[in-house]
Amino acid sequence: TRLDAEVKSWFAFALQKCHELALLRDALNSGDTAALAEWSAPIQARRHSTRVHNPAVEKRLAAITAQDSQRANVYEVRAEAQRARFKLPAWPTTTIGSFPQTTEIRTLRLDFKKGNLDANNYRTGIAEHIKQAIVEQERLGLDVLVHGEAERNDMVEYFGEHLDGFVFTQNGWVQSYGSRCVKPPIVIGDISRPAPITVEWAKYAQSLTDKPVKGMLTGPVTILCWSFPREDVSRETIAKQIALALRDEVADLEAAGIGIIQIDE
């Protein structure tokens, strides 16, 4: 799995669960709980691990109020501001956001992951695919463009890789549908965003066109539902932590001049 030793010690897969049953049996029959206590040590350590508990996230979560979920303006005010800024037609055209992950893009990503391609050449390749996506959309006459998400391996895995509080297996594939498989992120601790995730590519795409380019984010509920959640906090808590991280991303996209942001749920 390539999980580091500390995190791996917190998990119990099929064989480990069988071993736990045997430990419980022996402890109940003999009264000797030493082996059980030794086995449980990593679980106890996890309860106090800084990888699990982030005071800054917990403080921010506690500060959420009902007002935070309310928009500052009603729809009519927002719609008028949008019309004035973007001057779009009555029925603007756009796409869902992601363009096909072609064999060329997948090969580019695989070569980079294997170390056969350095970061500069990888980024140059991704930039070229984004440029092609913008050119094609302009040729088709679309009104609101997207960058195509060539840099993203999956709409959930990509964000999980850039957020603290998630880990990934290397071989823990799960069938999504048909022949499509994914490696769901595993939530091990409080979730936060250490750095902007999508801003750089969105800015690059916007620099290629005078038409508006949408920022593209996967929503907090979708990220949660496509991940393996922690069991020591509620799913609501996890969703709010992800939402706060994405809120920071939205603010950075806005600051970068991205005026339309799509959040997929």
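The values are calculated or read from the model by the stated rules, or taken from the named source; none is laboratory data. Worth saying up front: this structure is predicted, and the values here are computed from it rather than measured. Every residue, glycine among them, receives a Cβ derived from its backbone with ideal geometry; neighbour counts consider all protein chains shown.
Flag not set for Gln206, criterion: in a loop (DSSP other than H, G, I, E, B) and farther than 19 Å from Val57 by Cβ. Can you find a residue in region 189-209 that is at pLDDT below 95 and within 25 Å of Phe11 (Cα to Cα)? For region 189-209, residues at pLDDT below 95 and within 25 Å of Phe11 (Cα to Cα): absent.
Just for region 103-132: of the residues that are in contact (Cβ under 8 Å) with a residue 24 or more places away in the chain and not hydrophobic (A, V, I, L, M, F, W, C), which one is surrounded by the fewest Cβ atoms within 10 Å (Cβ to Cβ)? The selected residue is Glu104. The helices (runs of 4 or more DSSP H) falling completely within region 39-157 include none with 1 or more residues that are on the phi > 0 side of the Ramachandran plot, in the same structural domain as Thr222 (by TED's automatic domain parsing) and of a type in the set (D, E, K, R).
The number of residues in region 221-245 being within 19 Å of Ser98 (Cβ to Cβ), part of a helix (DSSP H, G or I) and touching a residue at least 40 places away in the same chain (Cβ under 8 Å) comes to 3. From the set of residues in region 170-182 that are in contact (Cβ under 8 Å) with a residue 12 or more places away in the chain and in a loop (DSSP other than H, G, I, E, B), which is surrounded by the most Cβ atoms within 10 Å (Cβ to Cβ)? Per the criteria, the residue is Gly172.
For the subset of region 183-198 comprising residues that are crowded, with 17+ Cβ neighbours inside 10 Å and of a type in the set (A, V, I, L, M), which member is nearest to Gln241 (Cα to Cα)?
Ile191
Restricting Leu15, Leu36, Leu28, Leu23 to those that are loosely packed, with under 10 Cβ neighbours inside 10 Å, aliphatic (A, V, I, L, M) and assigned to a helix (DSSP H, G or I) reduces the list to Leu15.
Right, Pro89: out of contact with any Ser or Thr (no Cβ under 7 Å at 6 or more places or on another chain) and either free of Cβ contacts under 8 Å to residues at least 24 places away in the same chain or under 26 Å from Ile261 (Cβ atoms) (or both) or not? Considered against the rule, which asks whether it is out of contact with any Ser or Thr (no Cβ under 7 Å at 6 or more places or on another chain) and either free of Cβ contacts under 8 Å to residues at least 24 places away in the same chain or under 26 Å from Ile261 (Cβ atoms) (or both), Pro89 comes out as yes. Within region 138-148, being in contact (Cβ under 8 Å) with a residue 60 or more places away in the chain and surrounded by 23 or more Cβ atoms within 10 Å (Cβ to Cβ) holds for Leu145, Val146, His147.
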